[in-house]
Amino acid sequence: MLIYKLQVRLKLIYSIKMDTKIKKGEYLDTLLRSPKTIFSTKDVALLWGGKNEAAARVRLSYYVRKGKLIRVHRSLYAKDKNYEKFELATRIYTPSYISFETVLTRAGINFQYYSNIFVASYVNREIEIDDQKFTFARMKSYVLSNTDGIDHKQGFAIATKERAFLDRIYVSKDYHFDNLDSLDWDAVFQILPIYNNKRMIKKVNEYFKHNKTNQ
């Protein structure tokens, strides 16, 4: 009786796997239905039911040749040219998240406009893709992996203005911020310990006192 039940269960599991297995004509549709706009080869292999990465790469190359997908960077693909640039920025090097001037300018903390997209990552590098420059700033791994002050959006991670403010102090010894009035200082001091940096503690307190004096 026990053997019979096990056989029935195995048949059920096998039938479920067969039902969920992607058929030949459904590979592209599976990608197009995804909310993601950028896919790595690994993403696609998983999305296609754990397909071998080498086999996924061959199929992706075929779709690129046929104009069904576009290749935007090494092992990164997009549905079309209307992909989310922040999503691409955080997929070139992982882990990474949008930060620095990209966040600070949007929050009105910096007044100068920057066309570059600034990213916290594990390398210092600048890359240009489709006339868009991406500037990567290196962070220590223990800082980069800490999610305090990081918001997760659809397809990418982005720093809060408080985290971006601290990130900039972390990588720049001297920096001029135009307007710190919008910062939540409680949040700033809550995030600050993740950097484990005495210079930063001193500098942040200087910015805090200066900001309070000028209000």
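Note on the range 63-88: among residues that are among the small types (Gly, Ala, Ser) and under 18 Å from the mean Cα position of the chain (by Cα), the one that is modelled with the highest pLDDT is ALA78.
Within the range 167-181, residues that are under 19 Å from PHE136 (Cα atoms) reach partners that are in a loop (DSSP other than H, G, I, E, B) with beta carbons closer than 6 Å, at six or more positions or on different chains, in the pairs ASP167/SER99; ASP167/PHE100; ARG168/PHE100; ARG168/TYR175.
Quick check, is ILE127 over 16 Å from VAL103 (Cβ atoms), free of Cβ contacts under 8 Å to residues at least 12 places away in the same chain and touching a helix residue (DSSP H, G or I) at 6+ places or on another chain (Cβ under 8 Å)?
no
Just the residues that are at pLDDT below 95 and basic (Lys, Arg), please, taken from the range 162-177. Selection gives LYS173 alone.
I need a count of the residues in the range 45-78 that are of a type in the set (Val, Ile, Thr) and under 15 Å from LEU88 (Cα atoms).
From the range 45-78, those of a type in the set (Val, Ile, Thr) are 58, 64, 70, 72; that's our starting set.
Of the ones still in play, those that are also under 15 Å from LEU88 (Cα atoms) are 70, 72.
The total comes to 2.
If I filter the range 105-121 down to residues being aromatic (Phe, Trp, Tyr) and surrounded by fewer than 21 Cβ atoms within 10 Å (Cβ to Cβ), which single residue comes out as nearest to THR37 (Cα to Cα)? It would help to see each step written out before you state the result.
In the first step, residues of the range 105-121 are kept if they are aromatic (Phe, Trp, Tyr); the result is 111, 113-114, 118.
Add one more test, that the residue is surrounded by fewer than 21 Cβ atoms within 10 Å (Cβ to Cβ), and what stays is 111, 113-114.
On the way: PHE111: 30, TYR113: 26, TYR114: 24 Å.
Applying the filter and picking the extreme gives TYR114.
The set of residues in the range 24-52 being outside any loop (DSSP other than H, G, I, E, B), surrounded by 15 or more Cβ atoms within 10 Å (Cβ to Cβ) and free of Cβ contacts under 8 Å to residues at least 40 places away in the same chain consists of TYR27, PHE39, THR41, ASP43, VAL44, ALA45, LEU47.
When the residues of the range 78-104 are filtered to those that are of a type in the set (Ser, Thr, Tyr) and under 15 Å from ARG163 (Cβ atoms), the one that is surrounded by the most Cβ atoms within 10 Å (Cβ to Cβ) is SER99. Put simply, of LEU104, LEU88 the only residue that is touching a Leu at 6+ places or on another chain (Cβ under 9 Å), in a helix (DSSP H, G or I), at negative phi and among the hydrophobic types (A, V, I, L, M, F, W, C) is LEU88.
Hand me the list of strands (runs of 3 or more DSSP E) wholly inside the range 122-215 holding 3 or more residues that are surrounded by 12 or more Cβ atoms within 10 Å (Cβ to Cβ).
Numbers: elements: 125-129, 132-138, 150-152, 157-159.
The strands (runs of 3 or more DSSP E) meeting that bar are 125-129, 132-138, 157-159.
If you go through the range 163-199, how many residues are touching a Leu at 6+ places or on another chain (Cβ under 7 Å) and either among the polar types (S, T, N, Q) or over 21 Å from TYR113 (Cα atoms) (or both)? Result for the range 163-199: 4.
The values are calculated or read from the model by the stated rules, or taken from the named source; none is laboratory data. This structure is a prediction, so every number in the text was calculated from the model and none was measured. Here Cβ is always computed from backbone atoms with ideal geometry, including for glycine, and neighbour counts include all displayed protein chains.
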